[in-house]
Amino acid sequence: MKNYQKGLFFGVLTTIIFSLDLFPAKLLVSKFPPLVVTVWTSLVIGILFLPITLVLSKYSLRKVNRKDIPLLLVFGILASGIGGYFALSGLQIVPVSEAAFLLQLEVVFATLTAYVWLKESIVPRQLLGMGLLLFGAYLLSQTERFNFRIGEIMLVSGTLAFGITDVMTKKIDPQIPTSVVTSVRFLIGGIFLIPFVINGGTFPTYDGRDILLILLNGFFYLTGVTFLYSSLKYLPGAIGSFFLVPAMFLAAILGVVFLKENMTLQQWIGGCIIVAGLVTVIFKKV
C-alpha cells in the first residue's frame with residue numbers, strides 16, 4: 001500500500017471513530033458540563049491509556065529527544081488545553097447548530113497553517129473541495145444566522161488552535177509512536193485545564209455508568225485522534241484534517257439509525273455535498 005493510500009485509509013478510520021464517539025459524548029454532556037467531560041476524558045487518556053500505548057508500542061519516554069519536549073508541551077497545551085477550553089466555552093454559549101458549523105473551520109485553519117508553515121501549495125481542486133465541505137456542513141448544521149459575539153469568537157479561537165496543532169504533528173519526531181503523541185497531548189491538556197474546573201467549583205458525583213461512559217469516550221477519542229495523526233504522516237497537512245468534516249454527516253446518520261433522530265432534506269443534501277467535497281480533494285494527490 002502506497003503512503004498516500006495509507007493516509008486515506010487512516011483518514012476514513014478517523015471519520016468512522018469520531019462519528020461513533022457521538023454516543024458516549026452525547027450522554028456525558030447531557031449530564032455534566034462540557035469542560036468537566038473534557039478534563040476527565042483527557043486525564044483518562046493520559047493516565048490510563050498512556051501506559052498501555054507505551055507497552056503496546058514498546059516505546060520508552062526516555063527516547064524522546066530533548067528538543068521535542070518543548071514542542072510536545074506547546075502541542076498539548078494548545079490542542080487539548082487552550083483549544084479545548086475555548087471550544088467548550090463557546091459551546092456553552094452558542095446554539096448547537098451554529099457551533100457544529102463553526103467547528104468545521106478547522107480545515108480552513110489547517111490548510112492555511114500548512115501553506116504558511118510547511119510551504120504546501122493550495123491548488124484550485126483543494127479550494128473547491130474545501131468550499132463544498134464547508135457549504136455542506138452549513139446545510140447539515142441548519143444554521144439560520146450568525147451573531148459573531150464572544151461565544152463565536154471562542155469557538156473560532158478553539159478551531160484555530162486545533163487547525164494549527166493538526167499541522168504541528170508533522171513537526172514532531174516521527175519515531176515517537178502516534179498513539180504515544182496523542183496520549184501525551186491529552187495528559188498535558190487535561191492537567192492544564194484542571195485549574196479551570198477547580199475555579200468553577202464544579203465537582204459532580206459519578207456512578208458506575210458515568211465512569212464506563214468516560215472510559216468509552218476516552219477510548220474513542222484516543223483512537224480517533226491517533227488515526228487522524230497517522231493520516232497526517234502520509235498526507236499533506238491540510239488534507240488530513242478534511243476527514244473530520246464527514247464525521248459530522250456519519251454521526252447524523254447513526255443518530256437516525258440508533259437514536260431515532262430525524263434528518264431534514266436540507267441536512268441530507270448537505271451531507272451529500274460534504275461527501276462530494278471530500279471526493280474532490282482526495283482522489284487526486286496535491
* **Descending semi-axes in whole angstrom, ellipsoid equivalent of the stretch 167-286, from the Cα gyration tensor** => 29, 25, 12
* Please give the length that would be gained between Ile52 and Trp268 if that part of the chain were fully extended, namely 0.36 nm times their separation in residues minus their C-alpha to C-alpha distance (nm, one decimal). => 73.8 nm
* Structure fact -> For Thr169, Thr205, ascending order of other Cβ atoms within 10 Å (fewest first) is Thr205, Thr169
* Asked: In the chain, how does Rg compare with the Kirkwood Rh, expressed as the Rg/Rh ratio over alpha carbon atoms?
  -> 0.95
* To do: Give me Lys63, Lys233 ranked fewest to most by other Cβ atoms within 10 Å of their Cβ, as a rough exposure proxy.
  => Lys63, Lys233
* Structure fact -> Cβ density ranking, 10 Å radius, fewest first, applied to Trp40, Trp117 yields Trp117, Trp40
* **Volume of the Cα convex hull of the stretch 103-226, divided per residue and given in Å³** => 170
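Read the figures in this text as sums done on the coordinates, not as results from a lab. Note that the structure is predicted; figures quoted are calculated from it, not measured. With ideal geometry, Cβ positions are generated from the backbone for all residues, glycine too; neighbour counts draw on all protein chains shown.
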